[in-house]
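K.L.:
Let me begin by handing over the structure; questions about it come next.
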Amino acid sequence: MRKLIAGNWKMNGSLAANQALVKAMLDGLRGAVPAADMALCAPAPYLAQMQALLQGSPIAWGSQDVSAHEQGAYTGEVSVAMLKDFGCRYVIVGHSERRQHHGETDDIVAAKAQCALAAGVTPIVCVGETLSQREAGETETVVKRQLAAVIHTVGHCITEIVVAYEPVWAIGTGKTATPEMAQAVHAVLRAQLAAASTNAKRVHILYGGSMNAANAASLLAQPDIDGGLIGGASLKSADFLQIVAAAA
Ligand code: 13P
């Protein structure tokens, strides 16, 4: 399958910085078809800018979160219909930073994934263990529980999601999972998807956590690593493009 390299800009950027970054990426592609599908997930206020900058380009765009509600009295929230209005193709749900700082439970994450699917926006569902969970030997249990909630809620639509395995201890720390460690968890997730659907092979399972230009090729060479969800390195055009090239 064609790999997917998605950038998660997190709470970074400005009108000027985004424009320069996107321009550098598009210039770097030089009109050629990228070696992997590409997407950039920007902060919500910049989605109109992303639409203007990326429409007609080979780079899709997405949001970093979405409300679990359709509309109404939810001050500060952004609905999936609003994301669609701006041409969003993807939305990240259940990022560990939202689970940790915003109290998002497995059930909330599943409801968000369901909302996105219902609107035709692809949810990138993040799962991953903390360092203490890994040290306690709980990695498999944790990621399976997180994914099970989504499978339970979305049913046969599970083949329409993207999964991102992001070990919490590897995010923004410079400590990447080794290709073998990541592959082992990806294989567990693939088997769980296969038990839920005969089309599990179609589901992209991305790795995220300190993926960079230097380590991307060895991670992306693993049989069940179908792409990357890139934080820090997606803020540098040359690094991001090198990761895309490594997916060839
Ligand atoms: P880093 O690539 O900065 O470690 O972030 C990974 C991540 O959280 C992507 O969602």
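K.L.:
Can you compute the charge dipole magnitude of the chain about its Cα centre, using +1 on each Lys and Arg Cβ and -1 on each Asp and Glu Cβ, nothing else charged? Give it in debye, rounded to the nearest 20.
P.N.:
500
K.L.:
Which order results if S14, S63 are arranged by neighbouring Cβ count within 10 Å, fewest first?
P.N.:
In increasing order of surrounding Cβ atoms, one gets S14, S63.
K.L.:
Which of the DSSP-defined H helices in the chain satisfy a minimum axial length of 18 Å, computed from C-alpha atoms, and a minimum mean Kyte-Doolittle hydropathy of 0.0?
P.N.:
Qualifying helices: 15-29, 106-119, 139-154, 179-196.
K.L.:
Counting only pairs 8 or more residues apart or on different chains, how many lysine pairs in region 77-230 have their Cα atoms under 28 Å apart?
P.N.:
Eligible lysine pairs with Cα atoms under 28 Å apart amount to 6.
K.L.:
How charged is the neighbourhood of N8? Take every other residue with its Cβ under 12 Å from the Cβ of N8, and add Lys/Arg as +1 and Asp/Glu as -1. Walk me through the numbers before you get to the answer.
P.N.:
Details: positive: K10, R98; negative: D65, E97, E166.
In short, -1.
K.L.:
Here is a follow-up. Can you sort K201, K144, K112 so the residue with the fewest Cβ neighbours within 10 Å comes first? Provide the component values of the computation, followed by the final result.
P.N.:
Values: K201 13, K144 17, K112 26.
Result, fewest neighbours first: K201, K144, K112.
K.L.:
Which ordering of D239, D226 is given by a fewest-first count of other beta-carbon atoms within 10 Å? Don't skip to the end; give the middle numbers.
P.N.:
Values: D239 19, D226 24.
With the sparsest Cβ surroundings first, the list reads D239, D226.
K.L.:
Another question, if that's okay. Please build a GNM for the chain, connecting alpha carbons under 10 Å apart, and tell me which residue among Y74, Y207, Y165 fluctuates the most.
P.N.:
Y74
K.L.:
Using helices alone, what [θ] at 222 nm do you get for the chain, with -39,500 (n - 2.57) per DSSP H run of 4 or more residues, divided over all residues and rounded to the nearest 500?
P.N.:
-12500 deg cm²/dmol
K.L.:
Over region 41-96, what is the relative contact order in whole percent, taking alpha-carbon pairs under 8 Å and six or more residues apart?
P.N.:
Over region 41-96, the number comes to 41 percent.
K.L.:
Given the options F86, A113, T130, identify the residue whose Cα lies farthest towards the positive end of the charge dipole of region 69-140 (+1 on Cβ of Lys, Arg; -1 on Cβ of Asp, Glu).
P.N.:
F86
A short reminder: the numbers here are calculations on the coordinates, not readings from a lab. Here the structure is a predicted model, which means the values were calculated and not measured. Neighbour counts run over all protein chains shown; Cβ positions are idealised from the backbone, glycine included.
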